[in-house]
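The values are calculated or read from the model by the stated rules, or taken from the named source; none is laboratory data. All figures in this text were calculated on a predicted structure; none of them were measured in a lab. Every residue, glycine among them, receives a Cβ derived from its backbone with ideal geometry; neighbour counts consider all protein chains shown. We work out accessible area using only protein heavy atoms, side chains counted, and drop any ligands, DNA or RNA first. Shrake-Rupley method; radii C 1.70, N 1.55, O 1.52, S 1.80 Å.
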Amino acid sequence: MAAPLRIYQVAVPAPLYGFFDYLASPQAPAILPGARVRVPFGKREMVGVVLGEADKSILALNRLKQILQVLDSEPVLSANLLQLLTWVAEYYHHPIGEVLHAALPTLLRQGRAAEAGVAVWSLTPAGRAVEANGLSRAPAQKHLLEALSAAPEGLDAEQLAQVSARWSATLKALHTKGWVSAHTRDCLQAANATPSQPPELNPAQRSAVEAILSGLDGFRTFLLHGVTGSGKTEVYLAAIDKVLAQGRQALVLVPEIGLTPQVISRFQQRFRVPIAVLHSGLSDPERLCAWLMARDGKAPIVLGTRSAVLAPISNLGLIVVDEEHDGSYKQQDGLRYSARDVAVMRAARDKIPIVLGSATPSLESLKNARDGAYTLLDLPDRTGSAIMPQVRLLDMRRLKPSEGLSLPLREAVTARLERGEQSLLFLNRRGFAPVWMCYDCGWLAPCRRCDAQLTLHQHRQKLICHHCGAEQEIVKTCPSCQSQNLHPIGEGTERVEGALQKFFPKARIERIDRDSTRGKGMLEEKLRRVHEGEADILIGTQMLSKGHDFPNVTLVGILNADQGLYGVDFRSGERLFQTILQVSGRAGRADKPGEVLIQTWHPEHALFAALQRHDFTGFADYALTERRDTGFPPFSFLALLRAESPQPQAAQQFLAAAHAAALKHRSDQSVQVFAPVPAPMERRAGRFRAQLLVQASKRAALHRLLGPWLAELTGLKAGKRVRWSLDVDPADLY
Ligand SMILES: [Zn+2]
Ligand SMILES: [Zn+2]
């Protein structure tokens, strides 16, 4: 009798919950959990990850399919990481196959070998001796040979593809002749041989470092609340130094926009070790290489944006989440996870400390600190002799602005220009004007696909929707009354840039927003000009608010602080406060005192009073009270079911069925299931959107409902006609 077949549970990247059983021959070596396999799935082949072996399957053996190929003899995902990812799938109620897929670099998803390094080709001594001119009858070979001889360090596939689209065949020919050879290039930058000396820490920094170091052998969450300019990074660096000395690794998460070359070089300058950098701008081979360097412990420091929290790190000793309040830690599509929250769970599972740092902590983290779940570490003062900037409110009800700029603000800029200092103006709205309006009948240029107005982009001569990206020519005749009396209303960064040029014709102005930094390297180039004093005035969106130190900026102007003051979302006020405080923090470093001018039509608002006092705690008291009274997080736990469809009623119909199902599954009165409502912007990109909120006072009660509810939702007929998703701990409700 033949030995019984082995059954493996395999997670495949499909939007289906659970795993699938596959067979393998009993003669083949056992496949370890975390190894990749190629399996048939429907009519396709997929790369899946083995979760474990099973004794039996709920399906009859003759209905199970065979594993086609085992891709890894050693697991690519360690048991430890596999457990964390399983937790992520369960907590966010997301298919495990898609979670594992999200955690793997693209090349591993495609089934490539898990080998570090980027393959490069370079000329052999024989190749270097070849006279390229002698190859006139083989122009493709000649061309490639010349490119290789100009690159002594070799070229990788991506670079070769830029030389010639048909490089592969040509390279083969050169290889056959013995003129080129392949080798592997390490993706890590060479470690710094002469690390810089750490600065002397002030007493607050020292005691923060001591607190972190006293807890290196167990799980503990530290909330490092340091005002802007207080030297949080030095605290991270000192703690990391100790962790590295113990032979362990450190994971540092930074916001998407904060991972500037400045941040990377700050780490590189300080440490004598290679650093694996993981962010969305890497090529596929670079990402795989950095991922494997982290996994194999070759990179003691792993520095990355959101998804780096899912990276394999064999010997993790400390996690740092910088600017923990930042919105980019929450993924807004697919697997809607919060990298900060996953990081805390990861630290808990690994029994290591984690440091959440911010000048403006999220209310969630702050409440955890006040409840005693997190340890609060305060850095109340700026380092050195620097003092906090003075904040002044400009009452716009009395000051008539010209193109968004009030007279006192213009005068303050003039004073900076005379002193050779820089000014930073913040306006969180790109484009020329947010509205294009007919003065005769009041018509506003609408997006055809969204419930929103089009933004005028004068430079590109287009009307553009900032919600769906739709573009159209600028309408010159009002479609409603045929008038030609059309005008832009309001200001965006483009318009203010123009106004600044008019007011200050001699000033050098840099605009920093998504439009002006679209090209590769453009942001870096603009920042370089600012740092080297080649700019006098910066005008920009929140791209300016994060992670940059501008030592020569002594004036910050907030042009329209009221945006978001009475926003639709329960987090609007918190976000506004964080943004203004972060932007204000750019003013005045070192020995130059700074000034912050805030233009507002609501100077009496409590938020501004707190801003004037740099009183984050006072603001937090006020905001937390408001949250408790309204029952929003952190005093409750939310899940938002969203649905959308091109058919006007389909989303509402699905949510009505989902609502009934939720009430049926609800066992606990502490869970509230709200009736479905249209999304605040009901139509976006041609789809009608609606949502259903579930709110619970206890996290566990929420998840007890979500599991069985979701299982029923996947079977609902009305769900087949809509696109829907569940967002656990949503960042916003729109
Ligand atoms: Zn009109
Ligand atoms: Zn639109």
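The order of Cys481, Cys438 by accessible area, most exposed first and with a 1.4 Å probe, is Cys481, Cys438.
Residues whose amide H lies under 5 Å from that of Ile275, counting only those 5 or more places away or on a different chain, are Gln189; hydrogens are built 1.01 Å from N in the peptide plane.
With point charges of +1 on the Cβ of Lys and Arg and -1 on the Cβ of Asp and Glu, referenced to the Cα centre of the chain, which listed residue (Val12, Trp436, Leu424) lies farthest in the positive direction of the dipole? Selected residue: Val12. Quick one: net charge around Ser362, please, counting Lys, Arg +1 and Asp, Glu -1 for every other residue with C-beta under 12 Å from its C-beta. Value of the local net charge: -1. The slack in the chain from Leu16 to Asp241, taken as 0.36 nm per residue of separation less the alpha-carbon distance, amounts to 76.7 nm.
Give me the 1.4 Å probe accessible area per residue for the stretch 641-734, excluding ligands and nucleic acids, in Å². All intermediate terms of the calculation are to be shown ahead of the outcome.
Numbers: 4370 Å² over 94 residues.
Averaged over the residues of the stretch 641-734, the accessible area is 46 Å².
How many angstrom lie between the C-alpha centres of the stretch 222-275 and the stretch 487-551? What the calculation gives is 28 Å, centre to centre. Per residue, the solvent-accessible area of the stretch 1-122 (1.4 Å probe, heavy atoms of protein chains only, all protein chains present) comes to 51 Å².
Straight-distance candidates among the aspartates and glutamates for linking to Lys717, with alpha-carbon spacing under 18 Å and chain neighbours fewer than 8 residues away dropped: Glu644. Putting +1 on Lys and Arg Cβ atoms and -1 on Asp and Glu Cβ atoms, find which of Ser181, Pro152, Phe219 reaches farthest to the positive end of the dipole of the stretch 130-227. Farthest towards the positive end: Ser181. Highest mean packing comes first when the peptides 207-217, 345-355, 422-432, 175-185 are listed by Cβ atoms within 10 Å, giving 422-432, 345-355, 207-217, 175-185. Near Thr86: Cβ cut-off under 13 Å, other residues only, Lys/Arg at +1 and Asp/Glu at -1. The net charge is 0.
Taking all protein chains together and rolling a 1.4 Å probe, Ser636 ends up with roughly 10 Å² accessible.
Step through the table entries Lys330/Lys664; Lys232/Lys400; Lys43/Lys298; Lys142/Lys520; Lys232/Lys351, compare each Cα-Cα distance with 32 Å, and write down the pairs that go over it. Don't skip to the end; give the middle numbers.
Numbers: Lys330/Lys664 30 Å; Lys232/Lys400 40 Å; Lys43/Lys298 40 Å; Lys142/Lys520 30 Å; Lys232/Lys351 23 Å.
With Cα atoms farther than 32 Å apart: Lys232/Lys400; Lys43/Lys298.
Excluding ligands, DNA and RNA, the accessible surface per residue across the stretch 357-486 is 49 Å² with a 1.4 Å probe. Note on Ser697 and Arg206: their simple-model spin labels are 4.7 nm apart, each label 7 Å out from Cα toward Cβ.
Could the peptides 653-659, 663-669, 278-284 be put in order, highest first, of the mean number of other beta-carbon atoms found within 10 Å of their residues? Mind showing how you got there, number by number?
On the way: 653-659: 21.0, 663-669: 13.0, 278-284: 16.6.
Output ranking for 653-659, 663-669, 278-284: 653-659, 278-284, 663-669.
Taking Cα centre as origin and charging only the Cβ of basic (Lys, Arg, +1) and acidic (Asp, Glu, -1) residues, the dipole magnitude of the chain rounds to 1680 debye.
Across the accessible surface of the chain, with the other protein chains kept in place and a 1.4 Å probe, carbon and sulfur atoms take up 51 percent.
Listed peptides 513-522, 234-243 appear in the order 234-243, 513-522 once ranked by packing, highest mean of other Cβ atoms within 10 Å at the front. Among the trypsin sites (Lys or Arg not before Pro) within the stretch 1-85, those in coil by DSSP and having at most 16 neighbouring Cβ atoms inside 10 Å are Lys43, Lys56.
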